[in-house]
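Engineer: Just passing along the structure, written as structure tokens.
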Amino acid sequence: MKLAEIASILVICASLTVKCQNVESREIAGFGDNLTREFERSMDNALCFEDIEIGAQWESPGRTVTETDIVNFANHTGDFNPLHIDAEFASKTIYRKPIAHGLLGMSWAAGLGSNFPRVSTVAFSAVRDWEFHKPIYAGDTLRLTTTVLDKVMHGKRTGRVAWLLKLSNQRGELVQQGIFETIVAVRHPQRIRESKRLENGVPDNSHEHQSEFDES
């Protein structure tokens, strides 16, 4: 085969490689766009502050803890305590086998609760009274029950909501619980302010002020 023919083949291969890369890039970009649109659609149905009622409760689906989850959490956090990653060491402790990090349970509680319910959250403001009742092992299936404890306005456009989170295993045993506080968006700030004025016995003079303004 002549050098010119080889060069021609190499040029064609390079061209095909570039085209494949361009197609792959467009597919990846399209996949990201689809995820963004799905998230935006889901947030359209998210609860705002007005929608949340004290005492309302939700339960998440289950999620099973694996050894990989525990090792990955150790890698992410840098917590390589042998209780979590050394089977031989853990076998000589009261746990008899490796246990998941306590904060893995708390993190999963946050994740499981993020869709049950889906809320128009502006910020995560506090964790209070978090308790660790039982160890979590690889193979445990965790579920979260979320209950609204309290809600108060927080500024003009947001409200603060207190949520009681209870994380249980497949045997129905409570493994962790505590309170998360979040800042939630208000859908209709003006309506909330008017409702508060009526609750406090303050007359709504907005129409009178508007008439005076119009006349002037």
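Engineer: Identify the single condition in (1) under 18 Å from the mean Cα position of the chain (by Cα); (2) in a strand (DSSP E or B) that residue 131 does not satisfy, given that it satisfies every other one.
Structural biologist: Going through the list (1) under 18 Å from the mean Cα position of the chain (by Cα); (2) in a strand (DSSP E or B), residue 131 breaks only (1).
Engineer: Name the residues in region 71-88 that are in contact with a helix residue (DSSP H, G or I) (Cβ under 9 Å, 6 or more places away or on another chain) and among the acidic types (Asp, Glu), would you?
Structural biologist: 79, 88
Engineer: Can you name the residue in region 38-64 that is exposed (fewer than 12 other Cβ atoms within 10 Å of the Cβ) and in a helix (DSSP H, G or I) and, of all such residues, is modelled with the lowest pLDDT?
Structural biologist: Per the criteria, the residue is 39.
Engineer: Here's another thing I want to ask about it. Filter region 115-169 down to residues that are farther than 15 Å from residue 48 by Cβ, among the basic types (Lys, Arg) and surrounded by fewer than 14 Cβ atoms within 10 Å (Cβ to Cβ), then give me how many there are.
Structural biologist: 1
Engineer: Within region 56-65, work out how many residues are of a type in the set (S, T, N, Q) and touching a helix residue (DSSP H, G or I) at 6+ places or on another chain (Cβ under 9 Å).
Structural biologist: Matching residues across region 56-65 total 1.
Engineer: Next question, about the same structure. What number of residues within region 166-188 satisfy the criterion of being without any contact (Cβ under 8 Å) to a residue 60 or more places away in the chain and closer than 16 Å to residue 119 by Cβ?
Structural biologist: Qualifying residue count for the region: 2.
Engineer: Then there is this: When region 84-114 is examined, which residues are found to be within 22 Å of residue 169 (Cα to Cα), surrounded by fewer than 18 Cβ atoms within 10 Å (Cβ to Cβ) and out of contact with any strand residue (DSSP E or B) (no Cβ under 9 Å at 6 or more places or on another chain)?
Structural biologist: Hits for region 84-114 are 87, 91, 93, 94, 95, 96, 97, 103, 107.
The values are calculated or read from the model by the stated rules, or taken from the named source; none is laboratory data. Remember, predicted model here, so these are calculated numbers, not experimental data. Ideal geometry is used to build each Cβ from the backbone, glycine not excepted, and the neighbour counts take in all protein chains shown.
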